[in-house]
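Following: one structure in structure tokens, then a few remarks.
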Amino acid sequence: MKETFALKGNLIFTPVCGQLEVRPQQYLVCESGLVAGIFETLPERYAGIPVHDHGDRLILPGLVDLHVHASQYAYRGLGMDMELLDWLEKNAFPEEARLSSPEYAQAAYRIFTDELTRSATTRASIFATVHRPATLLLMELLEKAGLRGFVGKLNMDSNCPDYLRETAEGSLAETRRWLEESAAFSGVRPILTPRFIPSCSEELMDGLGELQRQFGTAMQSHLSENLSEIEWVKQLRPWARFYGEAYDRPGLFGGECRTVMAHCIWSSEEERARMKEQGVFLAHCPQSNMNVSSGIAPVRTWLNEGQKAGLGSDVAGGAHLSIFRAMTDAIQSSKLRWRLVDDSLPALTLPEALYLATKGGGEFFGKVGSFEPGYEFDAIVMDDSALPTTRQCTLTERLERVVWLSDGLPLAKYVAGRRLF
């Protein structure tokens, strides 16, 4: 049975996009792994429960990474002068092939898991590789660490190096076996992961759609990231009116299939309308978008439309695992879009960026990313004492300095009511 306890400190969260809720020196109660409430003084019914007093530190909801490649962590920061398709050929594919070795997979995924555990991220949607045993190993490491989220075995049977190419039949058989073996995990769940349309035949996509309907699995992939990629999809799926329809026809684009799509920089109005109608989540990966020259996503437009959206580090297209860094990149890139592309779309604010990093992306995992009652108890404690200043900062200003200036590493971290450190 999970412990009932309370954290005491300066609580900050975003129940509504753009709205900071600041609760100085209050109690956040965890009961059965869920938020029971916030209180100025503990009610009688909680008398005697353990209280972890974090003093004057800031307590935030755990951060959410909607898009990260665990298999690419080892070479983050390399090849940042390339465009996407060249970068895949020279960096991503050769490194992913090394994950066929159990020894290499153990070493690489241990580094990734350790770094993710130390970070402020409590939930993540993660890409692995085509290798089923290595993907299961990654899931096991994350589960033992106490992290939660989704991990996907990649599917690729087209337009990729021979050393990574599967057959459609073989890919589907391995995916089915992996889904069955994944039933042993509880906090880390499987997610179908066709890399992107160019690397998956229609036969493979149709088969993945059948597996989704049978297992009820979520799905993640890439969408409208790069103009060359979009033109390529038009050639490969001439019947599709827009890129997303190539996922939609086999039933892998929202609706009954919980779906997150990374990037969506160049999604047309028609594509975005379908995404909103079917509840597809958009993962904004601003650093990756800049590093591989993809473009500047219209995040303000997404918010105005009421799209479901969050942030992704997209390691190793993004060089940093920190979602605090993703927040600052999101704000900066939105300023560039406002100044250089469309001055009718105001830049993101800090409260909006925090919402995307917590409750916005957290919704993909359920009731995650807020301190409202009934939400899963994910929390991080940030210590800003190493950021000296002569200024008397408000709690909101202290939050801003943590986001922009800290190393992003929490003092304490709780996931679903379990303290990791």
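The values are calculated or read from the model by the stated rules, or taken from the named source; none is laboratory data. Since the model is a prediction, treat every value here as computed from it, not as a measurement. No Cβ is skipped: glycine too gets one built from the backbone with ideal geometry, and neighbour counts run over all protein chains shown. For the accessible areas, the whole protein counts, side chains as well, though only heavy atoms, and no ligand, DNA or RNA atoms are used. Shrake-Rupley method; radii C 1.70, N 1.55, O 1.52, S 1.80 Å.
A few remarks follow.
- Complete set of residues in the stretch 330-367 that are among the aliphatic types (A, V, I, L, M), assigned to a loop (DSSP other than H, G, I, E, B) and out of contact with any Lys or Arg (no Cβ under 6 Å at 6 or more places or on another chain): Val341, Leu348
- Some residue of the stretch 274-291 being aliphatic (A, V, I, L, M), within 17 Å of the chain's Cα centre (by Cα) and open to solvent by 10 Å² or more (accessible area, probe 1.4 Å): no
- Condition met for Glu140 (modelled with pLDDT under 95, acidic (Asp, Glu) and touching a Phe, Trp or Tyr at 6+ places or on another chain (Cβ under 9 Å)): no
- In the set Gly374, Gly361, only one residue is surrounded by fewer than 16 Cβ atoms within 10 Å (Cβ to Cβ) and out of contact with any Asp or Glu (no Cβ under 7 Å at 6 or more places or on another chain); that residue is Gly374.
- Every condition in (1) touching a Leu at 6+ places or on another chain (Cβ under 7 Å); (2) surrounded by fewer than 24 Cβ atoms within 10 Å (Cβ to Cβ) is met by Arg339 except one, and the failing one is (1).
- In the stretch 207-215 there is at least one residue matching the filter, namely being under 23 Å from the mean Cα position of the chain (by Cα), crowded, with 22+ Cβ neighbours inside 10 Å and aliphatic (A, V, I, L, M).
- Scope the stretch 1-30; condition of a type in the set (A, V, I, L, M) and either open to solvent by 30 Å² or more (accessible area, probe 1.4 Å) or modelled with pLDDT under 95 (or both); matching residues: Met1, Val16, Leu20, Val22
- Residue within the stretch 36-48 that is under 27 Å from Phe112 (Cβ atoms) and touching a residue at least 60 places away in the same chain (Cβ under 8 Å) present: no
- Residue selection: Pro298 fails the criterion of being farther than 23 Å from Leu236 by Cβ, at pLDDT 95 or above and in contact with an Asp or Glu (Cβ under 7 Å, 6 or more places away or on another chain).
- Taking the criterion of being of a type in the set (Val, Ile, Thr) and in a loop (DSSP other than H, G, I, E, B), the only residue of the stretch 368-386 that qualifies is Val368.
- Looking only at the stretch 387-399, residues that are closer than 14 Å to Val22 by Cβ and assigned to a loop (DSSP other than H, G, I, E, B) come to 2 in all.
- Just one of the listed residues (Gly33, Gly62, Gly55) is more than 30 Å from Val151 (Cβ to Cβ) and modelled with pLDDT of 95 or more, namely Gly55.
- Matching residues in the stretch 385-421 - criterion: being small (Gly, Ala, Ser) and crowded, with 16+ Cβ neighbours inside 10 Å: Ser406, Gly408, Ala412, Ala416, Gly417
- Checking Glu143, Glu115 one by one, the residue that is more than 30 Å from Ser228 (Cα to Cα), open to solvent by 10 Å² or more (accessible area, probe 1.4 Å) and touching a strand residue (DSSP E or B) at 6+ places or on another chain (Cβ under 7 Å) is Glu143 and no other.
- Among the residues making up the stretch 216-239, those that are open to solvent by 20 Å² or more (accessible area, probe 1.4 Å) and more than 24 Å from Glu96 (Cα to Cα) are Gly216, Leu227, Glu231, Lys234, Gln235, Leu236, Pro238, Trp239.
- Each residue in the stretch 98-112 was checked for being part of a loop (DSSP other than H, G, I, E, B) and open to solvent by less than 30 Å² (accessible area, probe 1.4 Å), and 0 of them qualify.
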